[in-house]
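Presented below is the structure to which this report refers.
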Amino acid sequence: MAGWRVGFALGNPEIVRLINLIQDHYYCSLFGGIQEAAATALTGPQDCVKELVGVYQSRRDALYSALDRIGWQAGRSQGSFFTWLPVPKGHTSESLAGLLLEEAKIVVAPGIGFGEHGEGYVRLGLLTTEARLQEAVERVAKLQLF
């Protein structure tokens with residue numbers, strides 16, 4: 001269910017009631033089937049979660065090893081299937097995203113789209129195979145940005 005948002009609140013019953021009141025006025029509830037799927041996912045066996053964490057960790061490690069080889073220094077993400085990569089000097093997050101799309105056929109999200117503190121970074125998803133992530137880094141290397 002990547003990309004689907006499900007949340008819940010635990011705590012003081014009065015505070016939870018008020019959160020629910022606000023939520024009812026701001027948002028439309030999720031389809032009941034999704035709510036049931038979320039409950040099942042949270043209360044059921046977690047083996048598949050551990051397996052998926054391993055897949056994303058392997059992809060992350062492969063990506064950062066490739067980035068290290070081309071000199072793109074970035075802090076390792078610790079708990080997401082997204083990575084935040086610093087923008088090289090002479091670029092904004094938007095200009096780098098445009099360059100990567102046009103010249104290397106790689107899609108990243110400009111950090112500025114996530115707020116002012118996102119400027120200086122681009123976001124890349126670990127949503128493909130290790131081989132494709134390494135191929136993407138090879139395309140970036142040809143741009144000689146680092």
Would you say Leu145 is modelled with pLDDT of 95 or more, open to solvent by less than 70 Å² (accessible area, probe 1.4 Å) and either closer than 30 Å to Val49 by Cα or not in a helix (DSSP H, G or I) (or both)? no
Considering the range 98-127, residues that are more than 18 Å from Gln78 (Cα to Cα) and in contact (Cβ under 8 Å) with a residue 40 or more places away in the chain, and then whichever is surrounded by the fewest Cβ atoms within 10 Å (Cβ to Cβ), we arrive at Glu103
Residues that are within 20 Å of Gly79 (Cα to Cα), modelled with pLDDT of 90 or more and not in a loop (DSSP other than H, G, I, E, B), drawn from the range 27-48: Asp47, Cys48
Please go through the range 128-146 and pick out each residue that is in contact (Cβ under 8 Å) with a residue 12 or more places away in the chain and of a type in the set (D, E, K, R). Glu130, Glu138, Arg139, Lys142
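Specify which of the listed residues (Asp24, Asp61) is under 30 Å from Glu135 (Cα atoms), acidic (Asp, Glu) and either assigned to a helix (DSSP H, G or I) or touching a residue at least 40 places away in the same chain (Cβ under 8 Å) (or both). Steps first, answer last, please.
Values: Asp24 fails: under 30 Å from Glu135 (Cα atoms).
The unique qualifying residue is Asp61.
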Taking the range 47-62, which residues are open to solvent by 70 Å² or more (accessible area, probe 1.4 Å) and over 16 Å from the mean Cα position of the chain (by Cα)? Asp47, Cys48, Lys50, Glu51
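Residues to consider are Thr92, Thr43; find the one that is in contact with a strand residue (DSSP E or B) (Cβ under 8 Å, 6 or more places away or on another chain) and of a type in the set (S, T, N, Q). Step through it out loud before you land on a result.
On the way: Thr43 fails: in contact with a strand residue (DSSP E or B) (Cβ under 8 Å, 6 or more places away or on another chain).
From the options Thr92, Thr43, the qualifying one is Thr92.
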Restricting to the range 116-142, what's the tally of residues that are small (Gly, Ala, Ser) and either part of a strand (DSSP E or B) or at pLDDT below 95 (or both)? 1
Can you tell me how many residues within the range 64-93 are touching a residue at least 12 places away in the same chain (Cβ under 8 Å), open to solvent by 60 Å² or more (accessible area, probe 1.4 Å) and outside any loop (DSSP other than H, G, I, E, B)? 2
Given (1) closer than 16 Å to Leu143 by Cα; (2) modelled with pLDDT under 95, where does Leu99 come up short, assuming only one miss? (2)
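The values are calculated or read from the model by the stated rules, or taken from the named source; none is laboratory data. Computed from a predicted model, the values in this text were never measured in an experiment. Note that we place each Cβ from the backbone using ideal geometry, even for glycine, and neighbour counts take in every protein chain shown. Side chains are part of the model used for accessible areas, which takes the heavy atoms of the whole protein and leaves out ligands, DNA and RNA. Shrake-Rupley method; radii C 1.70, N 1.55, O 1.52, S 1.80 Å.
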